[in-house]
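So the structure is just underneath, and the comments pick up after that.
The values are calculated or read from the model by the stated rules, or taken from the named source; none is laboratory data. Since the structure is predicted, the reported quantities are computational estimates derived from the model, not experimental observations. Cβ atoms come from the backbone with ideal geometry, glycine included; neighbour counts cover every protein chain shown. SASA here: full protein model, heavy atoms, side chains in, ligands and nucleic acids out. Shrake-Rupley method; radii C 1.70, N 1.55, O 1.52, S 1.80 Å.
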Amino acid sequence: KPSSNPDHAGDWLTRLVAADSGDWTSEGQRGGAYAKVLRWAFEKQGLFRGKPPDVDVYIDDGRKGEYTYNPDYVKCAAIWNRTQPDGKEGHQVPAPNVDNFAYVKVKNRGTSVAKSVTVDAFQANPGSALAYPDDWKKMNTPQLAAPDIPGRSRGIKVGPFHWIPTAGSNAILMAVSTPNDLNNLSNFPPGKSIPHWRLVPNDNNLGMRKV
C-alpha cells in the first residue's frame, strides 16, 4: 500500500528495526537480535554516507566488526584463556576444576572515542544448547571496566576474568558495552531465551569461543 511505503531509506530501516523488536510467538522466535545487522546493511548501501556509527565497539571474530557470513563465529580468537593471570596473549587449554583466567581484545570500528566501556564474561558447557541466558552463568569475575577505546582502535586487552572450567569442553561468551553502543543481551532477560546462533553472530559486541 502506498501509505506504508517509507519516503526515505532511513524510514525503511526504522520500520525494519521496529519489526525485529517484536516476538514471533507462533514460531517461538524472540525479537531484538538483528537491529545491528540491519543498520550495517543500509550503511553498506550508502546510508549514513557509508560510515559506521560514531562509536561501534566490537570483539573481532574475523569480520572486523562487520556482518558478513562467518560459519566459525564460535572460534573467536580475540578471546583466549591463560592458566595463570600473566596477561600474555596466546590461548592455553583450560585446566579443569581450578582457577583459570580469560582475556578478550576489544576494538572500536567508529571514529569517536568509546568511553565508560565494560565487558561482561560468561561460561557454559557446550553440551548444553548454549541458549542465552538459560545455559550461561557469569564467571567468577563477572565484569571488568575497560579503558577508553579510540576510534578505529587496534584493540584494548581486557582481563583477567577469573573462572573455573569444568572437565571436558567449555564455552566462553564475552560482551562489551558502552553507553553509546549497548550489546543485545539486555533484549533477552530470563524467560526470553535465544539460541547462540541467532544471538552471537548478529551482534559485534559479542564474542564466543569454545575451548
Residues of segment 9-44 being modelled with pLDDT of 80 or more, open to solvent by 60 Å² or more (accessible area, probe 1.4 Å) and in a loop (DSSP other than H, G, I, E, B), which ones?
ARG30, TYR34
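Answer with yes or no whether ASN70 is at pLDDT 95 or above and either over 16 Å from the mean Cα position of the chain (by Cα) or on the phi < 0 side of the Ramachandran plot (or both). Lay out the reasoning, then the answer.
Numbers: at pLDDT 95 or above: no; either over 16 Å from the mean Cα position of the chain (by Cα) or on the phi < 0 side of the Ramachandran plot (or both): yes.
For ASN70, the condition - at pLDDT 95 or above and either over 16 Å from the mean Cα position of the chain (by Cα) or on the phi < 0 side of the Ramachandran plot (or both) - is not met.
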Determine which member of the set ASP7, ASP60 is without any contact (Cβ under 8 Å) to a residue 24 or more places away in the chain, more than 20 Å from SER186 (Cα to Cα) and not small (Gly, Ala, Ser).
ASP7
Could you tell me which of the residues GLY191, GLY159, GLY110 is at pLDDT below 95 and either surrounded by fewer than 23 Cβ atoms within 10 Å (Cβ to Cβ) or in contact with a Pro (Cβ under 7 Å, 6 or more places away or on another chain) (or both)?
GLY191
Please go through segment 45-68 and pick out each residue that is of a type in the set (Phe, Trp, Tyr) and either within 21 Å of LYS105 (Cα to Cα) or open to solvent by less than 30 Å² (accessible area, probe 1.4 Å) (or both).
TYR58, TYR67
Unique match (being out of contact with any strand residue (DSSP E or B) (no Cβ under 8 Å at 6 or more places or on another chain) and either under 24 Å from GLU89 (Cα atoms) or β-branched (Val, Ile, Thr) (or both)) among ALA121, ALA167:
ALA167
